[in-house]
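The values are calculated or read from the model by the stated rules, or taken from the named source; none is laboratory data. None of these values were measured; they are calculated from a predicted model. No Cβ is skipped: glycine too gets one built from the backbone with ideal geometry, and neighbour counts run over all protein chains shown. Accessible surface areas use protein heavy atoms only, side chains included; no ligands, DNA or RNA. Shrake-Rupley method; radii C 1.70, N 1.55, O 1.52, S 1.80 Å.
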Amino acid sequence: MQDTKEKLFSEFQAPTTQEWLDKIQVDLKGADFEKRLVWRTPEGFNVQPFYRKEDVEKLQTPDAMPGEFPFVRGNEKNDNTWFVRQEIDAADAAEANAKALDILNKGIDSLSFNIPGKAVSAEFVEKLLEGILCDCVEVNFSTCKRHSLELAQILTAYFETKGYDKERIVGSIDWDPMEKIVMKGKDVEPLLQIAPQLVEALKDYPNFRCIAVNAVSLNNSGAYITQELGYALAWGNEYLQQLVDAGVDATLAAKNIKFNMGISENYFMEIAKFRAARMLWAQIVKQYEPKCDCACKMCVNAVTSTYNMTLFDAHVNLLRSQTESMSAAIGGVHSIVVTPFDAAYETPNDFSERIARNQQLLLKEECHFGIVADPSAGSYYVEQLTTAIAEQAWKLFLKVEEEGGFLAAIKAGTVQDDINATNTKRHTLAAQRREFILGTNQFPNFTEKAEGKQPLAQCCGCASNDETAYKAVSATRLAADFENLRLATEKAEKQPVAFMLTIGNLVWRQARAQFSCNFLASAGYKVIDNLGFPTIEEGVAAAKAAGADIIVLCSSDDEYAEYAIPAFQQVGSDAIFIVAGAPACSEDLKAAGIENFINVKSNQLETLKMFNEKLGIK
């Protein structure tokens, strides 16, 4: 069999990279290779249309082994398993306990309790954890940062009482005051002094971490992948440096830091992000000369993004979060939280939480994603992305360090300005349909109604009354602008009707009618497509009979010179008249009084706002 294989492959000569490029140039028929095929990513680097073995041979990432420094290929040698984590609102200890016990029988092996600061007490914790074997499941806690030390002391006393093996306690306390500065502009700098005491309180629990880096907040604010990673590294390094400066042993300090990171929809780049993150963090920790390489392991809890979630066509959120959780699983994270698909407009219910759990269980138990260590290793594309993302994130990390570190940068507002600028840019791109949101600005569900759904306001959950002292990150979900527009349309006395007046060249009229239907349905208009009309007169008559508020002429560029002006004159003031496209005769049409054109270069959001204004919809 081996001889047969060798003979088979010897009969075919492998083409060189230059031969591939020569063939591509022929197929491009003179088009520019760089413009047509090279992807210029928002993250600041270019992606080639293909990679080959020689591209990877010059990289360092394939040289590492799973479970070995710098951990680019994962923290574990033999598998890729992760914790399936679910977050629980623990305002009521008994209810939260009952829910936890229930979901532990449904595939969850990592619990995350959000406890109000005023509720923190030994009695509350005992009731909350009753019947939960904390040495068998991961337990994570979040509370007011001012009560985190008290919670840590209560937990250690509880664990002692239960007689747990300290090494078997796996979990964390989500203590991250700097997140309040970044996201809310609150002056909580005095709270940073608690960090050494927190570490001291939990020093006997080697697998329980108490210092969090909540870069997931940046992800949910629209940050690009390299921004989230670069700032996360600087964020973690700031905590690490402060702990070491306060006299905490570097090994102990590093082992107490946990990263909560988001997962965006960019499938392969997210896989590469987590690989690059481990590699870079390992290099950072190594500079502090820890006693063992195990302190250089990056512990990441990955959370599917809320930034790209939608209120309309909400079940598409399942597709988004499924590919996101796949990225995190393949990328080798410690734990994953899948945000329920309805989180954008309501408190998740039992059904949506069950679906979110099962999304992970399918990957773990049926797709076996947890069995193979670093399953993406050796992929030319992923290895290249890992290196490219690492390079860009490292540049940002060094920039922050030059500014005096992460704390200095967020007090100066440079981090917030950067994230806000990216968020603004992405909203602009979405408005122009240059960043697609499936079901929102592309291929909306024509017949869907909100049925009372309203976007949920984002809340940090803290009752702090501190005055705003610094700049804050100000972000809304990417789809929010379109959703507000569509909700306003639904509140109108009458749903606007957009009628496609299709005439002339079959290919062009169908293509432009389809484009226009998608364009206008994004505002919640009722769209009526048609097979085609033999004359303008018949088309206009049919539109008026349908009660059209908007009439869209769909034809070819050449035929617009013939059809557009007569159609516009017959429509008159009875409806908004639109020409689909950007024909060469546009100036002549404008001179005749035609004002409205929609095409791929239109700012969809601003155009729809203008139509709503003309229709009297506010």
* Condition met for ALA542 (open to solvent by less than 60 Å² (accessible area, probe 1.4 Å), under 38 Å from the mean Cα position of the chain (by Cα) and touching a residue at least 12 places away in the same chain (Cβ under 8 Å)) -> no
* Asked: Among the residues of the stretch 304-320, which ones are of a type outside the set (A, V, I, L, M, F, W, C) and open to solvent by 10 Å² or more (accessible area, probe 1.4 Å)?
  -> THR306, ASN308, ASP313, HIS315, ARG320
* Asked: For the stretch 350-453, which fully contained helices (runs of 4 or more DSSP H) count at least 3 residues that are at pLDDT 95 or above and within 25 Å of GLN604 (Cα to Cα)?
  -> 414-431
* Asked: In the stretch 285-303, which residue that is in contact (Cβ under 8 Å) with a residue 60 or more places away in the chain and among the charged types (D, E, K, R) is most open to solvent (accessible area, probe 1.4 Å)?
  -> LYS286
* If we keep just the residues of the stretch 579-614 that are open to solvent by 50 Å² or more (accessible area, probe 1.4 Å) and not in a helix (DSSP H, G or I), which is nearest to PHE519 (Cα to Cα)? -> VAL600
* Asked: Looking only at the stretch 16-47, which residues are of a type in the set (D, E, K, R), part of a loop (DSSP other than H, G, I, E, B) and surrounded by 11 or more Cβ atoms within 10 Å (Cβ to Cβ)?
  -> GLU43
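Listed residues ALA234, ALA253, ALA282; which is part of a helix (DSSP H, G or I), open to solvent by less than 10 Å² (accessible area, probe 1.4 Å) and either among the β-branched types (Val, Ile, Thr) or without any contact (Cβ under 8 Å) to a residue 60 or more places away in the chain (or both)?
Values: ALA234 fails: either among the β-branched types (Val, Ile, Thr) or without any contact (Cβ under 8 Å) to a residue 60 or more places away in the chain (or both); ALA282 fails: either among the β-branched types (Val, Ile, Thr) or without any contact (Cβ under 8 Å) to a residue 60 or more places away in the chain (or both).
The unique qualifying residue is ALA253.
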* Structure fact -> THR81 fails exactly one of (1) under 21 Å from THR347 (Cα atoms); (2) among the hydroxyl-bearing types (Ser, Thr, Tyr); (3) assigned to a loop (DSSP other than H, G, I, E, B), namely (1)
* Output the residues belonging to the stretch 55-87 that are more than 23 Å from LYS364 (Cβ to Cβ), surrounded by fewer than 19 Cβ atoms within 10 Å (Cβ to Cβ) and out of contact with any Cys (no Cβ under 9 Å at 6 or more places or on another chain). => ASP55, VAL56, GLU57, LYS58, LEU59, GLN60, PRO62, ASP63, MET65, GLU68
* Asked: Within the group ILE257, ILE225, which residue is closer than 27 Å to ASN80 by Cβ, modelled with pLDDT of 95 or more, of a type in the set (A, V, I, L, M, F, W, C) and touching a Pro at 6+ places or on another chain (Cβ under 9 Å)?
  -> ILE225
